[in-house]
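Worksheet: one structure, shown below.
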Amino acid sequence: MGGEGKGTAMAQAVVIGAGPAGLMAAEQLAMAGHDVLVAEAKPSVARKFLMAGKSGLNLTKDEPFDLLLQSYGEAADWLRPMLPEFDAAAIQDWARGLGQELFTGSTGRVFPKVMKASPLLRAWLARLDQQGVQIRTRWRWIGWDGEALRFDTSEGVQSITPDATVLALGGASWARLGSDGAWAAQLMDKGVTLAPFTPANSAVAVDWSHHMATHYGTALKSVRWMAGDLISRGEAVISAKGLEGGGVYPLTPALRADEPLFVDLVPDVSAEALLARFAAKKPKTSLSNWLKTGLRLSPQKVALFHEMSKGVTSQPYELLKRLPIHYAGLRPMDEAISSAGGVKRGALNDGLMLTALPGTFCAGEMLDWEAPTGGYLLTACLATGRWAGRAAAEWLAAAR
C-alpha cells in the first residue's frame, strides 16, 4: 500500500493520480471486481488532501442541493447528474463508514471531529488494500507508447496496457503537491480540447504602502466584498503580498476579468444610518477618531480605509460602504487553492470518457469546472471520481 513499484504489475484498470478523485475511482473499480493499479508521481498519496486537512478538512457543505449546485457556476449543468449520486449526505455516510465522527458548523460546513485528514486517509487506504487495489508511488506518467501507458519510476520506465484508464491528474495549482498541469500537453497531442488554466480561489495582489506593514497577518472581519456581479461576506487576511482568505476567494472569476474590487467595511450598518452618524459627528472630531471611536472600526479597517481612500473624492460615509481596493491582479496560479480550466465538457461523453481516447476517463480538478472553498471542491472531486470509476467499470464489463 503506497509503496514503490517493483516490476510491472498487471491490472485491468489503471488510475493515474492518487488524490481523492483517483482513490474514489479506484474504489469503484475494485468494488466492481476489477484488478486496479493506482499510479502516483509523488512519494506519498493525497498530498493536497492532507494539506487541506491542516485547516480542518472541510469535507462538504450540508445545504439544499439546488443551493449547493449553484456554487459550481457555469459547470452546474454538467455536474448536475454526478453530484446527487454522491452528495453531502452520501459523503458524510462514506466518512462515517471509514470510522470518522463528524460535525457540522453553523454555516453548514462539515468536518471530521479530529479536524484533520490523516485518520480518514489511513482508513481509506486500508480499505483499498483489502479490496486488492495496488498503489505505486514515485510512478510518474510520461505518456503513451502506442496503447501502453508509460511511467518513469525509481526502477526505470514501466509500461502497462490496461483495458481502462482513469486520469485523475489534478489541476495546475500547488505544483509541489502534485498538481502541476504538466499532463495537458499529452492530452492535447491526442486531440483532446482543454480550456487554459487560470487561478481559482486566489489571493489578490496589492502593492501596499509601508504604512500597512504593521497590519500584515491580521484579518479584516465583518466585511462584505464585491466584484462584478459577485458578492462575498467573509474575512480576508492582510499579507505582505495582498489579501487572502475566504472573503475574496469566491470573487476570483470576476477578478480574473479585471472587474473592480470593493469592500463594505460596515455591512451591518445601512447607508442611511451611516450618513446620520457622520452628520452627527462633532466638527472637532477628526475622521480617524470618528472611525475608531464613533464606528469602533478595528485598526486594520481604519488602516485599509486610509490606504485606499487616498485621492478619492467621495464622502467618507460613502467610501465605508464601497471602498475601492486598488489591486494589481491575482497572485500567481501556483499559489491559488485551485485552478479553473482543464478538459472541456465537449471532449468527454456522459460517463467522463474521452471521445478521442475510448477507454480513458477523467475525473477531479483536471476537468474544466471550478467552485469556491467551503467543501465544494472536495465534494465535486469525490463525485466525479466516483462517476468516472463506475463508468470505467461499466466499460470493462461491456468489453467482456
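The values are calculated or read from the model by the stated rules, or taken from the named source; none is laboratory data. For clarity, every value in this text was computed on a predicted model and none was experimentally measured. Because the Cβ atoms are built from the backbone with ideal geometry, glycine has one as well, and the counts that use them run over all protein chains shown.
Of everything in region 31-62 that's of a type in the set (D, E, K, R) and surrounded by fewer than 21 Cβ atoms within 10 Å (Cβ to Cβ), which residue is nearest to PHE151 (Cα to Cα)? So, considering only residues that are of a type in the set (D, E, K, R) and surrounded by fewer than 21 Cβ atoms within 10 Å (Cβ to Cβ), the one nearest to PHE151 (Cα to Cα) is LYS42. Of all residues in region 283-332, those satisfying the criterion of being in contact (Cβ under 8 Å) with a residue 60 or more places away in the chain and among the aliphatic types (A, V, I, L, M) are ALA303, LEU304, LEU323, ILE325, ALA328, LEU330. Counting just the residues of region 6-30 that are of a type in the set (Val, Ile, Thr) and more than 24 Å from the chain's Cα centre (by Cα), which one comes out surrounded by the most Cβ atoms within 10 Å (Cβ to Cβ)? Ranking the qualifying residues of region 6-30, first place goes to VAL14.
Based on this model, can you work out whether THR165 counts as hydroxyl-bearing (Ser, Thr, Tyr) and farther than 18 Å from GLY385 by Cβ? It is false that THR165 is hydroxyl-bearing (Ser, Thr, Tyr) and farther than 18 Å from GLY385 by Cβ. Consider GLY311 carefully, then state whether it is of a type outside the set (A, V, I, L, M, F, W, C) and out of contact with any helix residue (DSSP H, G or I) (no Cβ under 8 Å at 6 or more places or on another chain). Yes; evaluated as a whole, the condition is true for this residue.
Only one of the listed residues (LEU354, LEU297) is within 30 Å of VAL166 (Cβ to Cβ), of a type in the set (A, V, I, L, M) and crowded, with 18+ Cβ neighbours inside 10 Å. That residue is LEU354.
For the condition in contact (Cβ under 8 Å) with a residue 40 or more places away in the chain and surrounded by fewer than 18 Cβ atoms within 10 Å (Cβ to Cβ), GLY342 does not qualify.
Here the condition is being assigned by TED's automatic domain parsing to the domain that holds PRO64, touching a Lys or Arg at 6+ places or on another chain (Cβ under 6 Å) and touching a residue at least 60 places away in the same chain (Cβ under 8 Å); of PHE151, PHE86, it holds for PHE86 alone. Candidates in region 99-141 are the residues that are in contact with a strand residue (DSSP E or B) (Cβ under 8 Å, 6 or more places away or on another chain) and free of Cβ contacts under 8 Å to residues at least 40 places away in the same chain; of these, the one that is farthest from ASP87 (Cα to Cα) is PRO119. Once region 85-111 is narrowed to residues that are in contact with an Asp or Glu (Cβ under 7 Å, 6 or more places away or on another chain) and not in a loop (DSSP other than H, G, I, E, B), the residue that is farthest from LEU382 (Cα to Cα) is THR104.
Per the conditions (1) outside any helix (DSSP H, G or I); (2) touching a residue at least 40 places away in the same chain (Cβ under 8 Å), the sole criterion not satisfied by LEU275 is (1).
Of the residues SER339, SER314, the single one that is assigned by TED's automatic domain parsing to the domain that holds GLY19 and farther than 19 Å from LEU83 by Cα is SER339. Of the residues making up region 306-343, those that are aliphatic (A, V, I, L, M), more than 19 Å from ILE238 (Cβ to Cβ) and out of contact with any Cys (no Cβ under 8 Å at 6 or more places or on another chain) are VAL312, MET333, ALA340. Strands (runs of 3 or more DSSP E) fully within region 118-183 that include at least 1 residues being among the basic types (Lys, Arg) and either surrounded by fewer than 15 Cβ atoms within 10 Å (Cβ to Cβ) or over 23 Å from the mean Cα position of the chain (by Cα) (or both): 134-137, 148-153. Against the numbered list (1) in contact (Cβ under 8 Å) with a residue 60 or more places away in the chain; (2) over 30 Å from GLY374 (Cα atoms), PHE262 comes up short only at (2). Residue selection: SER239 fails the criterion of being within 20 Å of LYS321 (Cβ to Cβ) and crowded, with 17+ Cβ neighbours inside 10 Å.
Of the residues PRO283, PRO299, PRO267, PRO260, only one is of a type outside the set (S, T, N, Q) and modelled with pLDDT under 95; which?
PRO283
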